[in-house]
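The structure under discussion appears below in the form of structure tokens.
The values are calculated or read from the model by the stated rules, or taken from the named source; none is laboratory data. Keep in mind that what you see is a predicted model, and the values were worked out from it rather than measured. Methodologically, a virtual Cβ is constructed for each residue, glycine included, from the backbone with ideal geometry; neighbour enumeration extends over all protein chains shown. For accessibility, only protein heavy atoms count, side chains too; no ligands or nucleic acids. Shrake-Rupley method; radii C 1.70, N 1.55, O 1.52, S 1.80 Å.
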Amino acid sequence: MLQVTVFCRTNLLSFLQCIPKKYYLEIMADPSKGRGRGLALIQSLRAQKNVESQKQDISSETSSSLDMYPPPSAASSYAPSIADSYAPNILSAVSSAMAPPPAGGGRGKIALLSKMLHKPGGGGDAPLLCPASDVKPSSSAPKSMGRGLKLIQSLRAAQSHLSPPGSSAASVVDSVTDQMAASTITAVSDASSVGKNKYFREIKDTPPVVMKGTTGTPCDVTANYIYLKFEESNVFEYQVKYEPDQDHKHLRFKLLNEHRHLFEVKTFDGSILYVPQRLPNDVTDLVSTNPYDDSKVNITIIFNRTRRLSEMIHIYNLLFKHIMSDLELVRFGRQHFNEHAAIQIPQHKLEVWPGYVTAVNEYEGGLMLTLDSTHRVLRTQSVLSFIKDTVQAHGANWKRLVKETLFGSSVMTSYNKKLYRVDGIDDNLTPKSTFERKENGVPVQISYIDYYKKNYNIDIMDWDQPILISRDTKRIAGEEKEVDYMICLIPELCQLTGLTDDQRNNFRLMKDVATYTRITPNQRYAAFKQFVSNVLNNESARNRLKGWGLSLAPETIDITARTLPPEALYFGNNVKVPGKPNADWNGDVAKNSVMQAVDIYKWAVLFTDRDKLTTMNFIETVQRCCKPMGITIEKPQLLRLPNDRTDSFVVGLREAIQTRPQIIVVICPSSRDDRYSAIKRVCCSDAGIPSQVINARTIMNQQKVRSITQKILLQMNCKLGGTLWHIHIPIKSVMVVGTDSYHDPSRRRPSVCSFVASYTQSLTKWYSTAVFQEQGQEIIDCLKACLVNSLRHYLITNGYLPDRIIIYRDGVGDGQFKQVQTYEIPQLRVTIQEVDTQYVPKITYVIVQKRINTRIFLKCGPGQLENPAPGTVVDHAITRRDWYDFLIVSQKVNQGTVTPTHYVVINDDSKMPPDQCQRLTYKLTHLYYNWPGTVRVPAPCQYAHKLAYLVGQNIGKNTSEALADKLFFL
């Protein structure tokens, strides 16, 4: 390696003379290099030289110093040509470098909006509308010039202040050499190993992170992980370019497959080609024939680099995506479904598609395939049929009902089996409307009717139907800001997916659906075996694996897990209940007093005339049930409402608030979201009084009214600041925090970030805050303010600050781990100084992931699998290679297969042993007071989830500070 560094202020042209010619050629000839500051600077210097040469005679020595470096040979046709890019003068060079990217034309069926209506507050042209497709837009913007662009800008500024003609070109160069003072140019001595032949590593050489505990009873389990065996070899990466450019991805595959004799085994994603054998030439030119119009398409295949098969996580996942296509599975997001095995539920107009989700990654135990069985519920009704039924049933009110149902939902296009999110309906557009797209580089207008006929041979029957709008925002290479898209969908060609709220409230429908979606461990394991069998029996999939030297292990991985001991619970009157293996204490809650009761002397009950009898029975039941629970409750203030209109409830609430009761109970005749939201908005935000909303139907059944009333009393006690039970917490002077966020599915409301922190030693009392997160705002900005308020409340309550802060953060993806570790945690440390400059607590930061594809099965006999017991921990083999993490099965499920929760310890200043961290995490799953058993995540995370959902979905504004130290959101 040759490294040349500029450390002093010298003439940059003289510095370039020091670089041997061959290194200059290697840097410029490599398409992966020379596009940053070096190339931009040299181009600008040569352009500047041309300007100066017109004003004065440049010395031959300076001239020869530039002529030492001719442009690369024309043989490397794909390398950037310096000679062609020399600008006539420095101003034109800078202008071209800083020019905005050309407007994007239609990319097939997705329209790239040229900076469509910037975010709120910005302007912009009206967006272009195009039909939906599977093609992602690409930017036509020039690639970034890196720091070289700043140097060009400096040269431009220097040009405007040039000395008189008698000055030297070196004076301009000297004005920017300071900016290169610490810059380094690196060249490799062997031209054959520059960039392309250098192995690219996706897997680190560092040893895996191993953090194993020992507490608990060992048990034999298996997981849905399959070892991926391979024969080590090289992989050669090529870039594929089309001239003219082809928008349709499936057409790119067809055109390349015309030359399959050159690469019988390949993996291609539409632009990057991977093959196990190197092609004869670094640049291969091919000609294919478009099967649709018989036009000729030039294909250029350019060699990028050599890679190792064992190091390529990306190619493994790409390979299995193609294997899914070989098995004729339909892809929705990262999941693949079998439409040919669809299960019909005709009585509900539904169908269930079985499918799989796969992911390849390197874990602590090695390279493995994660395989899980999944299902997708589709409605057999098209969107157009749904709109027509709504119009017929509701008349003029159909638009509002259609918007409420469709906005935020997903629909599937029948012609390419893609999912799109519905964000709007445009009545002004119909299939007869036209949009602009490019054909052979020429913009033309085409109607949706003609487009679908030409590209998919589909005849649209209803020419007057409205158009569905789907919006998306993505960042594209070459663009400084995210680009917005509007995708137009034809309702006639879209199929509804998922279930509506009314369908979810239909008990019989959900029971019928659960028959096919909630499968047992044995059924799920059988699906894994069937997948492996399908791959091995499919000739194309089998050859694809064989061509790459890959094979799947016949069985899933076997692991030795541990089951943590059950936790004992403590109730009022010093009652200790031993822990149970199933982690369920529903009967114990009803028999024992609460740990800390809050007597209710002043409360109000609102009800309508039709529910008068039900209300009176409920109050009598409350009087009977409160004594065994250790709670004293006086008779309430009764407020009878004339009707069940929402405004009547609001008026009644405001009347009840005048007497300042401890809690307000509202008995509603039915379940209505608008009424529930109005009640919570008045009580939780305006008045700062806890409220309990009860559906009258739930307390009408005389056989169940007692058990239901007991649960309502427990909730009321929590909302007033009481404690139901607690467990032994060995850690002293600690504050445990849970955070979560809520995002409105319809995107009409701002996101909500919730923060719940303990302020007692027993971890049974919680201080909660919910803040609204503006679009583009970092979540850490919300967390910092909440953390300061929580610490101040802890100080007021206890008289001292906690020595340790343990944060459980939900809603963080794998790609954000590094960002949290290097960006958020240091900011939290700085923020804590606002409380006390001398205060330096030990911070433990744990990421909580509950939406994962990992499944753990307990082996209980030959060929027999069951769900593992609550408290089962797995902290090796299938854990992340480079992170300290573990999995815990914390809850008992009676139907289907249990899903463990994944915990990643991003930071731990206190250096807790793995056993202590795992035990504390499992203990916290016992402290959620809305369920007499363990839950999937630690209690503060579940509390934060409830708070964020209530504020985001129903309240819509900040809650009262008077409720911050109570669990009013249960």
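Things to note:
- With respect to the conditions (1) buried (at least 17 other Cβ atoms within 10 Å of the Cβ); (2) without any contact (Cβ under 8 Å) to a residue 40 or more places away in the chain; (3) among the acidic types (D, E), E362 lacks only one, and its number is (2).
- Top-ranked residue in the stretch 837-866 [being free of Cβ contacts under 8 Å to residues at least 60 places away in the same chain and among the polar types (S, T, N, Q); ranked as least open to solvent (accessible area, probe 1.4 Å)]: Q849
- Looking across the stretch 640-660, the residues that are of a type in the set (A, V, I, L, M) and open to solvent by 20 Å² or more (accessible area, probe 1.4 Å) come down to V650, V651, I657.
- Among the residues of the stretch 594-606, at least one is more than 25 Å from V666 (Cβ to Cβ) and under 43 Å from the mean Cα position of the chain (by Cα).
- Lone unmet requirement of (1) of a type outside the set (F, W, Y); (2) open to solvent by 50 Å² or more (accessible area, probe 1.4 Å); (3) touching a Lys or Arg at 6+ places or on another chain (Cβ under 9 Å) for S670: (2)
- Any hit, the stretch 707-727, residues being farther than 21 Å from A597 by Cα and either open to solvent by 20 Å² or more (accessible area, probe 1.4 Å) or touching a Leu at 6+ places or on another chain (Cβ under 7 Å) (or both): no
- Per-region count, the stretch 826-885, residues of a type in the set (V, I, T) and closer than 30 Å to G896 by Cα: 11
- Filtered residues of the stretch 535-577 (kept if part of a strand (DSSP E or B), within 18 Å of N867 (Cβ to Cβ) and open to solvent by 50 Å² or more (accessible area, probe 1.4 Å)): D558, T560
- Cβ-Cβ distances below 7 Å connect the following pairs, each with a first residue in the stretch 526-546 that is under 19 Å from P354 (Cα atoms), a second residue that is hydrophobic (A, V, I, L, M, F, W, C), and a separation of six or more residues or different chains: F528/L371; F531/L371; V532/L552; N534/L327; V535/I323; V535/A541; V535/L552; N538/L327.
- Residues (assigned to a loop (DSSP other than H, G, I, E, B), in contact with a Ser or Thr (Cβ under 8 Å, 6 or more places away or on another chain) and open to solvent by 10 Å² or more (accessible area, probe 1.4 Å)) located in the stretch 213-228: G216
- Counting the residues of the stretch 790-811 that are touching a residue at least 40 places away in the same chain (Cβ under 8 Å) and either open to solvent by 50 Å² or more (accessible area, probe 1.4 Å) or within 26 Å of Y949 (Cβ to Cβ) (or both) gives 15.
Residues are listed down the side, and each one gets a yes or a no for (1) of a type in the set (S, T, N, Q); (2) at pLDDT below 90; (3) surrounded by 16 or more Cβ atoms within 10 Å (Cβ to Cβ):
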site: T267; (1), (2), (3): yes, yes, yes
site: K296; (1), (2), (3): no, yes, no
site: I315; (1), (2), (3): no, yes, yes
site: G333; (1), (2), (3): no, yes, no
site: E339; (1), (2), (3): no, yes, no
site: K349; (1), (2), (3): no, yes, no
site: L369; (1), (2), (3): no, no, yes
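- Strands (runs of 3 or more DSSP E) enclosed by the stretch 285-338 - at least 3 residues per element that are among the aromatic types (F, W, Y) and more than 15 Å from Y242 (Cα to Cα): none
- Wholly enclosed strands (runs of 3 or more DSSP E) of the stretch 392-500 bearing at least 2 residues open to solvent by less than 30 Å² (accessible area, probe 1.4 Å) and within 27 Å of W353 (Cβ to Cβ): 410-413, 467-474, 483-489, 494-497
- In the stretch 578-594, the condition of being surrounded by fewer than 17 Cβ atoms within 10 Å (Cβ to Cβ) and among the aliphatic types (A, V, I, L, M) is met by at least one residue.
- Boolean, Q503 is modelled with pLDDT of 85 or more, polar (S, T, N, Q), closer than 28 Å to S414 by Cβ and under 31 Å from the mean Cα position of the chain (by Cα): no
- Of the residues making up the stretch 867-886, those that are open to solvent by 30 Å² or more (accessible area, probe 1.4 Å) and within 17 Å of D584 (Cβ to Cβ) are N867, A869.
- Entry remark, the stretch 607-648: residues being among the charged types (D, E, K, R), outside any helix (DSSP H, G or I) and within 29 Å of D673 (Cβ to Cβ) number 3 in total.
- Selection within the stretch 812-836 - in contact (Cβ under 8 Å) with a residue 40 or more places away in the chain, open to solvent by 60 Å² or more (accessible area, probe 1.4 Å) and farther than 16 Å from D908 by Cα: E834
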